[in-house]
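So the structure is just underneath, and the comments pick up after that.
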Amino acid sequence: MTAPYIPKESSPFAKRVLIPFWVLRLIVLVAAIGLYGFSLSIIAAYTNELEDYERENNTSLALGTIKAVLGVVFALLLICFALEITCIVKRGRRTLSPKFFLGVNIVQTVFVVVLFIMVMVGAPTSLGIGLSVVILLFFLGFLIYASVIFHKFRKGRLTADVEHHPVPMASYQ
């Protein structure tokens with residue numbers, strides 16, 4: 001039988017579930033931050049050349065809108081990354097509560113769903129759709145896990161994931 005969940009002494013979250021999801025999500029977030037940051041820096045660096053291109057070809061690229069969208073998405077990705085690191089640190093300190101964990105996962109999943117919709121509305125390619133579905137599944141899976149843990153917590157049926165440490169010999173005497 002597992003031990004009962006005691007705040008700040010045990011954790012209701014199984015490391016065998018958390019670690020794979022965190023690794024995958026951190027890889028996705030770091031890659032997305034890198035891509036959006038790189039795109040934003042390229043557009044900022046070549047604004048003059050792009051404006052010249054607009055004039056020469058009598059077209060409009062809406063550079064201001066592109067910069068704004070990339071900047072907002074980049075900022076939201078940084079917020080998601082910070083929330084992810086916060087959850088990892090709180091789990092390490094055994095202060096990660098089911099309510100906080102669920103709230104963070106709701107915020108992150110809503111953001112990923114909005115990005116998924118943007119990919120589907122934009123110029124969807126088979127690779128873009130495939131990657132978007134896989135990323136969405138990472139976030140939905142973790143949201144489901146957070147919801148299950150929170151539901152057990154609310155119902156009072158939560159047990160702890162306690163690491164097994166050897167008991168010192170002095171405690172047997």
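The values are calculated or read from the model by the stated rules, or taken from the named source; none is laboratory data. This is a predicted model, so every value here is computed, not measured. Don't worry about glycine lacking a Cβ; one is built from the backbone with ideal geometry, like all the others, and counts go over all protein chains shown.
Brief remarks follow.
- The stretch 135-151 residues that are over 15 Å from TRP22 (Cβ atoms), paired with ones that are among the aromatic types (Phe, Trp, Tyr) (beta carbon under 6 Å, 6 or more apart): LEU136/PHE116
- Odd one out for PRO20, checked against (1) surrounded by 15 or more Cβ atoms within 10 Å (Cβ to Cβ); (2) under 18 Å from the mean Cα position of the chain (by Cα): (1)
- Qualifying residue in the stretch 41-48 (condition: of a type in the set (S, T, N, Q) and modelled with pLDDT of 90 or more): yes
- The numbered conditions (1) in contact with a Cys (Cβ under 6 Å, 6 or more places away or on another chain); (2) not in a helix (DSSP H, G or I) are all true for ARG94 except (1).
- Total residues in the stretch 8-37, condition assigned to a helix (DSSP H, G or I) and among the polar types (S, T, N, Q): 0
- Hey, ALA160 more than 27 Å from CYS87 (Cα to Cα) and either touching an Asp or Glu at 6+ places or on another chain (Cβ under 9 Å) or modelled with pLDDT under 80 (or both) or not: no
- Residue in the stretch 132-152 that is of a type in the set (Phe, Trp, Tyr), surrounded by 12 or more Cβ atoms within 10 Å (Cβ to Cβ), touching a Pro at 6+ places or on another chain (Cβ under 9 Å) and part of a helix (DSSP H, G or I) present: yes
- Flag for GLY141 being modelled with pLDDT of 85 or more and not hydroxyl-bearing (Ser, Thr, Tyr): yes
- Any hit, the stretch 112-123, residues being over 24 Å from ALA14 (Cα atoms), in contact with a Ser or Thr (Cβ under 6 Å, 6 or more places away or on another chain) and surrounded by 14 or more Cβ atoms within 10 Å (Cβ to Cβ): yes
- Within the stretch 48-74, being surrounded by fewer than 11 Cβ atoms within 10 Å (Cβ to Cβ) and either in contact with a helix residue (DSSP H, G or I) (Cβ under 7 Å, 6 or more places away or on another chain) or closer than 30 Å to VAL104 by Cα (or both) holds for SER60, THR65.
- The stretch 84-101: number of residues that are surrounded by fewer than 17 Cβ atoms within 10 Å (Cβ to Cβ), more than 18 Å from LYS152 (Cα to Cα) and either of a type in the set (A, V, I, L, M, F, W, C) or under 14 Å from the mean Cα position of the chain (by Cα) (or both): 4
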